[in-house]
Structure formats: C-alpha cells, structure tokens
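J.: This is the structure I want to talk about, given as structure tokens.
The values are calculated or read from the model by the stated rules, or taken from the named source; none is laboratory data. Just so we're clear, the structure is a prediction, and the values are computed from it rather than from any experiment. Using ideal geometry, Cβ is built from the backbone for each residue, glycine included, and neighbour counts are taken over all protein chains shown. Each accessible area value is taken on the protein alone, full model and side chains, heavy atoms only, with ligands, DNA and RNA left out. Shrake-Rupley method; radii C 1.70, N 1.55, O 1.52, S 1.80 Å.
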Amino acid sequence: MKAKNCKIDKASRRDFMKKSAIAATGFMIVPRHVLGGPGFTAPSDKLLIAGIGVGGKGESDLTSFYESGKAEIAFLCDVDDRRAAASRERFPKAKYYKDYRELFDKESKNFDAVSVSTPDHNHAVQAMAAMERGKHVYVQKPLTHDIYEARQLTEAAKKYKVVTQMGNQGASGDGVRKMKEWYDTGIIGEVDEVYVWTNRPVWPQGIPWPQTSTAVPSELDWKLWLGTAPYKEYVDGLVPFNWRGWWDYGTGALGDMGCHLIEPPFSVLDLKYPKDVECSVGSVYVDEFQRGYFPESCPPSSHVIMSFDGKSENSKDITMHWMDGGIKPMRPEELGPEETFGDGGNGALIIGSKGKMMCGTYGLNPRLLPTSKTEEVTVPQKYARVEGGMAGHYAQWVEAAIAGYGEKPLSSPFDIAGPLTESLLIANLAIRGYDIQKTRKNENGEEQIYYPGRDIKMIWDAENMKVTNFDEANQFVKREYPDGFTL
C-alpha cells in the first residue's frame, strides 16, 4: 500500500498497519480488503500474490506475474521443499508454507490473489478456498480434475466477484483471434467437423500401479501431496511429473494438452457443452490375446468424438474428434506432401463448407488451406490483441485483478475456462466408462466379464451434469474427498 511520504516493506505490512493506526500524522492506512470488500485491489498498488505449487510450471508462472512489473510474490506454498527451492531463492522475501490451509488461515489479510499450479486433483479445493476469501485466482490447466468441480468454480467466480484466469496462455495469443476473424468473415463457410490431436502422453500410461512402495523423501509431505486423493503408499516415479497418467491425480493427455489445443476451435465456434460423446481406446496386451486391465491408469491412446449443437437452428451438428497417443487424422488434400500438418506432434483442423484452416499448439501459426491462401486473404481486424500475445496472458490477469471484478476483459476467465474444461472431462468420462467392468452369466450359466461402456454413445445432460443412458459413468462426475478437504 502506498501513501505519500510513506515507504513500507511488503513483508511487514501487517505490523505497519497496526502502528500506522495510531500514528501522529493524523491519517490511517487501511488494508485494501477493508476499503473495498472481498476481491478489492487498490488501483495504485501492486498485486500481492500467494503461489501454491511453486516448482516447475508454478515457478515460471510466478516469474511471469512478477515480470509484469505490477505484482509482488508475497507468499510461497509447496508440499515439496525440493520443488520449492528455486522459487524460494528467487523470491527470498516471500514467506513459505507447506499447507495452503495454514497459509490461508494465517495470512489471508496480507495478499490479494492466488496462483494455483499443483497437480490436477487439488486445483478445485485450493482455488475455491481462495475465492471464498475474496481472492483473485489464476489456476493452471486443466481448471479441475472433475466435471462437478469445474461447474462449482465457474459459479463461485461470479458469486464472489473475483478475477479469474486459467493457465492456457494460447487463449491470449494472436493466432486464435486471427482464426476467429477468418471464420466470422465466412471464408471457410459453415463448420461441421473439427479434428484435434496430440503426441501426448509423454509419460507412462496404460500400466499397472507399482507393487513396491518406497520411503517418502524427507523434503516431501506425502499426505499433503495426496490432498483430495485416496490414501496410497508412496511409490517412486510419481512425483513430480508422472502423476498425470493416473486417474486419482491427473486427467491424462486430454487434461494436459486439451486446454491448449481445443481452445482455438472452442473459441472460434463459440462452443459450450457437448451433447453426446463416444470413444475408442488403445490397448496394452500382457500376453497372447490377453488385454491388460489397468483402470487406475489413463490409456496409452484414445479417439474421442463429441457432438455440439450447430451454430444455427438449421445447421448441422459440429463433430469434434480428439486423438492422442500419436494418432492423427488424415492429412487434408489441400496440404502439400512436405508441409507440416499442425505443428507436427499436435494440432487442430477446422473443416468448413467452403474451406479449411489449421493451427498448432496454443493456436500458433494459423493457416488457411491451401497454405498459400493465408497470405492472399486479408480481413479486417475485429478482435483486440492482448499486449504481449501469449506472454501477456499473465499481465492481463494481474492488471484485471488490480482494476477489480468486471473492469477489464480476460482471455480465459472461468466462465470460458469452465465449460472448456468440462468438455475435456466429459471426453474423459467416456474414456473411463470404457473400462467399467461388470459380470453376467453366459448361456452356460458361467460368470462372464463384460464392458457395458464400450461401443455406445453416451448422451450428456449438461444442465444436470450426468450421462442419461449409462448411469455407471456418472461415478466419475464428482469425487468424494477425504476428511480435511471440502469444496
């Protein structure tokens, strides 16, 4: 907080407040949360951020906020001292905690916003706890682990009137805006088919859970890391990266890359919730004609098909294909034999009645097909660009949080990021439903295993968040948390 002739060390702001209340100067500096209520940030001040999960991507997120020149990193929180080391060195004045709940209980009056960059399964409880305290939130992709969580965070952002952003930085890039301008001009006509693909996973999937537990590293609080997940003994190779391939913690290739790759067509076509979903899933065979059954692990590859309502009453449904594990759609005939499809490993292809367009990860390198058309076609700029493009995604949130709820536009606030995340998780619902195992008696009266979730199209009731024709899949809409965690 700044005032004329007053200099304050951020780390000692609380003590300063107490002293300044009785200062002989005759004025009193009041904390911003008192002046404007929950979520209020004084326009003249820097945003004070608490980071939860401050290693890896969390470290780079905090650095990007700080480098905007309008934020200070006030607190750091991580369950693993090894992962937190670099951020603690970079931001030595930031007080360090291991448990976000202790951080919130003790320090809520001393920061304005929270950045969440923990494993997927803990995003929702941490972001909700922050919003309930009137804190602006930036949450890494995917927004949540479960469909129910995504809906709850979306509604909470409006309820608590806080500034929100998901960490899919491509949403702030120029590429998706250029593609929207092409589409709005009618260059590719009416769209009814979209393909999105990735070479992920680049971590182990389709494998059994390790049978041998090992000692927990002394720097890691394993119980806090588990958070909302059911208790299991610690195993090597899970932390800090490979948790992505296990359903208890991660959301597979869809969760990891879907928010980056599906966002461009989602934004261009103004999509919201799919109305049905079906899938096929890659298999791992452990012996001759013996398919491995590893329901705890995400599959090695998948192809998911989602249907969305068309853009007008008389238009066709929009069919979106998601492919992972290195599976790709057929190359468009308009693409030259040596031209790169998407960005090589990943991409999105939007097919219209008059033409096609594609891009790479984050919406980078958007091109009309044939690619020569990209330079030949000129359309007026319709959508304002974010200063700094993708890199400006961080400063955009910082500046919006300083301005206050509803004052500045954002690229991926929760009312956009929530439905996008839900769509990815509905696709995962089909993937998980594919492996639901049941038994029935065959014609000889013998017990026989079968998989009722395979080879069906699941009908999705978005309003009520449930599959209407295969109830067993609804167990994955919402998890039960262990004691100590609530949403």
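J.: Kindly write out, for the stretch 446-462 in residue order, the coupling ³J(HN,Hα) from the Karplus curve 6.51 cos²θ - 1.76 cosθ + 1.60 (θ = phi - 60°), rounded to whole Hz, with x marking Gly and Pro.
T.: Using θ = phi - 60°, the values come out as 8, 5, 9, 7, 9, 10, x, x, 8, 6, 10, 9, 8, 8, 9, 9, 5 Hz.
J.: Which whole-angstrom value gives the distance between the alpha carbon centres of the stretch 161-211 and the stretch 218-287?
T.: Centre-to-centre distance over Cα atoms comes out at 16 Å.
J.: Please list 317, 80, 270, 455 from largest to smallest accessible area, probe radius 1.4 Å, with all protein chains kept in place.
T.: So, going from the largest accessible area down, we get 455, 270, 317, 80.
J.: A further question on this structure: What residues qualify as long-range amide H neighbours of residue 97, i.e. H under 5 Å apart, gap of 5 or more or another chain, H built at 1.01 Å from N?
T.: Sorted by chain and number, the residues that satisfy this are 76, 77, 78.
J.: Enumerate the calculated ³J(HN,Hα) couplings along the stretch 471-478 in order (Karplus 6.51 cos²θ - 1.76 cosθ + 1.60, θ = phi - 60°), each rounded to whole Hz, writing x wherever the residue is Gly or Pro.
T.: Ordered by residue, 3J(HN,Hα) equals 4, 4, 6, 5, 5, 9, 6, 8 Hz.
J.: Distance from the Cα centre of the stretch 400-463 to that of the stretch 46-89, in angstrom?
T.: 32
J.: How charged is the neighbourhood of residue 333? Take every other residue with its Cβ under 13 Å from the Cβ of residue 333, and add Lys/Arg as +1 and Asp/Glu as -1.
T.: Combined, the nearby Lys, Arg, Asp and Glu give 0.
J.: Could I have the simple spin-label model distance between residue 471 and residue 383, label points 7 Å from Cα toward Cβ, reported in nm to one decimal?
T.: In this crude label model, residue 471 to residue 383 measures out at 4.2 nm.
J.: Which value in nm describes the separation of the simple spin-label points at residue 463 and residue 187, placed 7 Å from the Cα toward the beta carbon?
T.: Those two pseudo-labels are separated by 3.9 nm.
J.: Could I ask something else about it? With every protein chain in place, what's the accessible area of residue 432 (1.4 Å probe, Å², nearest 10)?
T.: For residue 432, solvent-accessible area is about 50 Å².
J.: Can I ask one more? For the stretch 356-487, with all protein chains present and a 1.4 Å probe, just round the carbon and sulfur fraction of the accessible area to a whole percent.
T.: 45
J.: How far is helix 392-403 tilted off the main Cα axis of the chain, in degrees rounded to 10, range 0 to 90?
T.: 50
J.: If you don't mind, another one. Which one, 222, 212, 185, projects farthest toward the positive side of the charge dipole computed for the stretch 179-267 from Cβ point charges (K/R +1, D/E -1)?
T.: My answer, from the dipole projection, is 212.
J.: If you don't mind, there's one more thing I want to ask. Starting at the first residue of the stretch 253-266, write each ³J(HN,Hα) from the Karplus equation 6.51 cos²θ - 1.76 cosθ + 1.60 with θ = phi - 60°, in whole Hz, x for Gly and Pro.
T.: Calculated HN-Hα couplings, in order: 5, 4, x, 6, 10, x, 5, 7, 9, 7, 3, x, x, 4 Hz.
J.: Hey, another quick one. How would you classify the stretch 387-476 from its alpha-carbon gyration tensor, with a ≥ b ≥ c the square roots of the eigenvalues: rounded for a/c under 1.5, else prolate if a/b is greater than b/c, otherwise oblate?
T.: It comes out prolate by the Cα gyration axes.
J.: Gain in length, residue 372 to residue 296, computed as 0.36 nm per residue apart minus the alpha-carbon separation, to one decimal in nm?
T.: 22.7 nm
J.: Just read off the accessible area of residue 364 with the full protein assembly in place, 1.4 Å probe, to the nearest 10 Å².
T.: 90
J.: For the chain, what does the alpha-carbon gyration tensor say about shape, rounded, prolate or oblate, given a ≥ b ≥ c as the root eigenvalues, a/c under 1.5 as rounded, and a/b over b/c as prolate?
T.: Cα axes put the chain in the oblate bin.
J.: Now a separate question. Taking H as built 1.01 Å from N, whose amide H comes closer than 5 Å to the amide H of residue 161, not counting residues under 5 places away?
T.: When sequence neighbours closer than 5 places are left aside, there are no close amide H contacts.
J.: At residue 455 and residue 289, where each label point lies 7 Å from the Cα along Cα→Cβ, what is the point-to-point distance in nanometres?
T.: That separation, rounded to one decimal, is 1.7 nm.
J.: Also, quick follow-up: Is there a quick way to get the dipole size of the chain? I mean about its Cα centre, with the Cβ of Lys and Arg at +1 and of Asp and Glu at -1; what is the value in debye to the nearest 20?
T.: 2260
J.: Run lengths n ≥ 4 of DSSP H only: what is the helix-derived mean residue ellipticity at 222 nm for the chain, with -39500 (n - 2.57) per run over all residues, to the nearest 500?
T.: So the helix-based figure for the chain works out to -8000 deg cm²/dmol.
J.: Could you list which residues have their amide H under 5 Å from that of residue 71, counting only those 5 or more apart in sequence or on another chain, with H placed in the peptide plane?
T.: Counting only residues 5 or more places away or on other chains, the set is 47.
J.: Can you pull the accessible area of residue 450 for me, 1.4 Å probe, Å² to the nearest 10?
T.: For residue 450, solvent-accessible area is about 50 Å².
J.: Rank these by accessible area, largest first, 1.4 Å probe: 362, 249.
T.: Largest accessible area first, the residues go 362, 249.
J.: Decide, for the stretch 267-344, between rounded, prolate and oblate: order the square roots of the alpha carbon gyration tensor eigenvalues as a ≥ b ≥ c, take rounded if a/c falls under 1.5, and otherwise choose prolate if a/b is larger than b/c, else oblate.
T.: oblate
J.: Please work out the FRET efficiency for the pair residue 447 and residue 236, using the Cβ-Cβ distance as r and a Förster radius of 25 Å; give the result to the nearest 0.05.
T.: Computed FRET efficiency for residue 447 and residue 236: 0.10.
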